[in-house]
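The next block holds one structure in the form of structure tokens; read it before the comments.
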Amino acid sequence: MKEGIIMKEPKQLSVSAIQNGTVIDHVPANNLFKVIQILGLDRIDNQITFGTNLESKKLGRKAIIKISGIYFEDEDINRIALVAPAAKLNIIKDYEVVEKRVVEVPDHITGIAKCMNPKCITNFEAVTTKFKVVSKKNVALKCHYCEKITTQENLQII
Ligand code: CTP
Ligand code: ZN
């Protein structure tokens, strides 16, 4: 680690700094594994470190994920907005934060979520789910096939 980073980072880090990659901060602790699943982090070989149940004034308990050597496209990272709407991305290059980004709930969601309607075709045939986002704030997804609304409370990640 570079000497300088210690001067700039007087706070104690719960998870070690990374040299290059992406830090996803302000993930609700109870959705950490959903974020890992959505981004497919369980299937890559890069070095990943995370901390969870860390104190956060905004979220109560937050999680942080540090992925070395990966920079995400907006389109990919916005997929986590359903489960981590307050997530902040920090792009790290040579130990420095060079960019900060927030996630945005997209207008349409393909895959990721399950339709809550047990009779929906997506639940008994091999059809990828498709939703129009009717509320970004509380997360309400209208199914393209059955038009039923799936909300944050009954949201299940596929
Ligand atoms: N970070 C890291 N590795 C680095 C630099 C930063 O893992 N080489 C992490 C920090 O631990 C922090 C996040 O990236 O979790 C953002 O860093 P920084 O902007 O320095 O921290 P804050 O000022 O606390 O950011 P914010 O208030 O925007 O959350
Ligand atoms: Zn449906």
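The values are calculated or read from the model by the stated rules, or taken from the named source; none is laboratory data. Nothing here was measured: the structure is a model prediction, and the numbers come from that model. For neighbour counting, all protein chains shown are included, and Cβ atoms are generated from backbone atoms with ideal geometry for every residue, glycine included. Side chains included, ligands, DNA and RNA excluded: accessible areas come from the protein's heavy atoms. Shrake-Rupley method; radii C 1.70, N 1.55, O 1.52, S 1.80 Å.
Relative contact order of the chain: 20 percent, from C-alpha pairs under 8 Å at least 6 residues apart in sequence.
Taking 21 Å as the straight-line reach from the Cα of LYS66, the lysines in range (excluding those fewer than 8 positions away in the same chain) are LYS2, LYS8, LYS11, LYS34, LYS57, LYS58, LYS88, LYS93, LYS100. Residues whose amide H comes within less than 5 Å of that of ALA113, counting only those at least five positions distant or on another chain, are ILE158 (H built at 1.01 Å from N in the peptide plane).
Between SER135 and ASN30, the contour length at 0.36 nm per residue exceeds the Cα-Cα span by 35.6 nm. Estimated from the Cβ-Cβ distance and a Förster radius of 22 angstrom, the FRET efficiency linking ASN53 and ALA86 is about 0.85. Size descriptors for the chain, from the alpha-carbon set: Rg then Dmax equal 17.4, 59 Å.
If the segment from TYR145 to SER14 were pulled out straight at 0.36 nm per residue, it would be longer than the present Cα-Cα gap by 42.7 nm. Among 39-48, 71-80, 16-25, sorting by the average number of other beta carbon atoms lying within 10 angstrom of each residue, highest first, gives 16-25, 71-80, 39-48. With a Förster radius of 41 Å applied to the beta-carbon distance between ILE121 and VAL98, the computed FRET efficiency rounds to 0.35. Remark: the ASP76-ASP107 segment gains 9.8 nm on full extension, using 0.36 nm per residue and subtracting the alpha carbon distance. Probe 1.4 Å, all protein chains in place: accessible area of HIS108 in Å², nearest 10? Only protein atoms counted, so the area is about 120 Å². Taking Cα centre as origin and charging only the Cβ of basic (Lys, Arg, +1) and acidic (Asp, Glu, -1) residues, the dipole magnitude of the chain rounds to 580 debye. When +1 charges are put on Lys and Arg Cβ atoms and -1 charges on Asp and Glu Cβ atoms, the dipole computed for the stretch 21-102 relative to its Cα centre reaches about 440 debye.
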